[in-house]
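Colleague: Before I ask anything, here is the structure I am working with.
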Amino acid sequence: MSHTITQTISPVRRTVVPRSSARRGKLLLMAATVLLFGALLAQIADAAGITTFGFVSWQPLLFAYIIWAAALCAAQVMIRGEAGQRAAFVLPAVLFTVAMVVFPTVFGLYIAFTDWNLSAVAGRRFNGLDNLRTLFADRYFWNALLNMVYYVLSVLVQYAIAFGLALLLNAEIKARKFFRVAFLLPLMLSPVAVSWMIGKSLMEYRFGPAATLARHLGWDNPAFFSTPWVARTSIMAMDAWVSIPFMMILLLAGLQALPSEIKEAAKVDGASGWQSFKEITFPLMLPVSITVIILRIIFQLKLADIVINVTAGGPGGATDTVSSFIFREYRDRSNVGYGTMLAEFYLVIIVIFVALILKGASRWMQRDNRG
């Protein structure tokens with residue numbers, strides 16, 4: 001006796017939205033949009049001195065934006081029905097990103113073209129491309145940007161150390177769980193704490209244990225932050241001590257996810273440990289390795305706290321990063337306009353640099369897969 005099984009696929013049901021509901025949704029969105037643009041124009045007019053509405057801050061525009069965002073989500077449901085409900089789950093995240101990322105970036109771009117020094121009586125005034133011209137002529141900024149090349153290149157050394165530690169912790173060694181926790185301890189500390197514990201205490205040139213040990217080893221004047229290349233290397237070492245555990249734990253997770261059958265087959269074929277690593281482990285870990293390196297580079301481009309606390313960019317700007325230089329421009333000189341121009345310009349460099357890295361990594365992976 002044969003049984004015939006039939007499978008029916010029901011078409012996607014589209015909810016029919018009443019015209020009255022769609023009309024009310026459009027009117028709600030239109031009213032909220034008018035309110036938002038009205039608040040924006042009033043804020044711009046008040047900031048320009050054309051009118052006086054008594055706007056002390058941007059709070060009226062913020063409230064108008066919140067009302068418009070809520071009206072947009074409600075209007076989507078009223079106009080589109082079930083499809084609008086799905087969109088309403090995504091819209092809050094998009095609107096939050098616009099409010100917290102896009103708007104500050106655009107507003108910062110406006111500030112970048114103004115002469116705004118908090119210590120000046122004149123206040124904020126538009127100065128065109130003067131900040132940009134100052135930036136191109138600022139040798140201290142370009143020196144800090146050159147230092148970032150050294151700091152970014154140090155990520156490769158950090159990756160090699162992290163990979164070695166990950167291989168060690170992935171092997172069958174005694175007290176493996178203890179070493180995993182011990183190697184993760186630096187990651188649990190803040191860079192500010194590390195800068196004081198190591199930079200200001202252990203590496204203090206008079207009484208620090210590291211300086212005392214260096215004297216016993218024959219270094220007459222063990223000043224870790226007085227010579228440019230020694231100071232830069234010391235900053236890199238402290239930054240690596242904090243950051244290597246982050247890379248190590250990601251690489252260790254990748255190693256544990258590798259199929260054990262391939263390694264066992266390599267052992268059966270008589271492959272040595274180095275051959276197994278070179279031909280199997282490292283190629284299979286390439287996607288994880290590239291992800292780890294890119295993430296670490298992104299974090300490295302924001303390096304500032306250790307430099308600010310230990311050397312303040314010295315000696316002579318040898319350890320300066322772009323972020324620490326911008327920080328001092330705000331704190332020491334109160335130059336908001338020029339500091340914002342530096343930040344916006346650096347943001348453009350970071351976006352272009354990371355985009356090129358991602359594109360190059362994608363092409364490399366595709367070529368490796370074809371090969």
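Colleague: The conditions are (1) within 21 Å of LEU303 (Cβ to Cβ); (2) hydroxyl-bearing (Ser, Thr, Tyr); (3) modelled with pLDDT under 95, and TYR151 fails exactly one of them. Which is it?
Modeller: Answer for TYR151: the failing condition is (3).
Colleague: Tell me, please, whether a residue that is touching a residue at least 12 places away in the same chain (Cβ under 8 Å) and of a type in the set (Val, Ile, Thr) can be found in segment 199-221.
Modeller: No - not one qualifying residue is present in segment 199-221.
Colleague: Here is a further query. I'm trying to understand the selection: among the residues of segment 2-30, which are open to solvent by 60 Å² or more (accessible area, probe 1.4 Å) and modelled with pLDDT of 70 or more?
Modeller: PRO18, ARG19, ARG23, ARG24, LYS26, LEU27, LEU28, MET30
Colleague: Need a quick list: helices (runs of 4 or more DSSP H) entirely within segment 243-323 having at least 3 residues that are within 21 Å of the chain's Cα centre (by Cα).
Modeller: 286-300, 305-310
Colleague: Considering every residue within segment 330-343, establish whether at least one is aromatic (Phe, Trp, Tyr), open to solvent by less than 50 Å² (accessible area, probe 1.4 Å) and assigned to a helix (DSSP H, G or I).
Modeller: The answer is yes; a qualifying residue exists.
Colleague: Right, another one. Looking only at segment 313-329, count every residue that is open to solvent by 50 Å² or more (accessible area, probe 1.4 Å) and of a type in the set (A, V, I, L, M, F, W, C) and tell me the total.
Modeller: Summing the residues that are open to solvent by 50 Å² or more (accessible area, probe 1.4 Å) and of a type in the set (A, V, I, L, M, F, W, C) in segment 313-329 gives 1.
Colleague: May I ask you to list the residues in segment 190-238 that are of a type in the set (D, E, K, R) and either farther than 14 Å from ASN309 by Cβ or open to solvent by less than 30 Å² (accessible area, probe 1.4 Å) (or both)?
Modeller: Matches in segment 190-238: ARG206, ARG215, ASP220, ARG232.
Colleague: Now a separate question. Name the residue, out of PHE89, PHE63, PHE107, PHE96, that is within 26 Å of the chain's Cα centre (by Cα), within 19 Å of ALA32 (Cβ to Cβ) and open to solvent by 30 Å² or more (accessible area, probe 1.4 Å).
Modeller: Being within 26 Å of the chain's Cα centre (by Cα), within 19 Å of ALA32 (Cβ to Cβ) and open to solvent by 30 Å² or more (accessible area, probe 1.4 Å) holds for just one of PHE89, PHE63, PHE107, PHE96, which is PHE96.
Colleague: Can you give me the number of residues within segment 31-40 that are surrounded by fewer than 13 Cβ atoms within 10 Å (Cβ to Cβ) and of a type in the set (A, V, I, L, M)?
Modeller: Residues in segment 31-40 being surrounded by fewer than 13 Cβ atoms within 10 Å (Cβ to Cβ) and of a type in the set (A, V, I, L, M): 1 in total.
The values are calculated or read from the model by the stated rules, or taken from the named source; none is laboratory data. Only a predicted model underlies this, so the values are computations on that prediction, with no experimental measurement involved. Cβ: placed from backbone, ideal geometry, glycine included. Neighbour counts: every protein chain shown. Note: accessible area is taken over every heavy atom of the protein model, side chains too, but ligands, DNA and RNA are not part of it. Shrake-Rupley method; radii C 1.70, N 1.55, O 1.52, S 1.80 Å.
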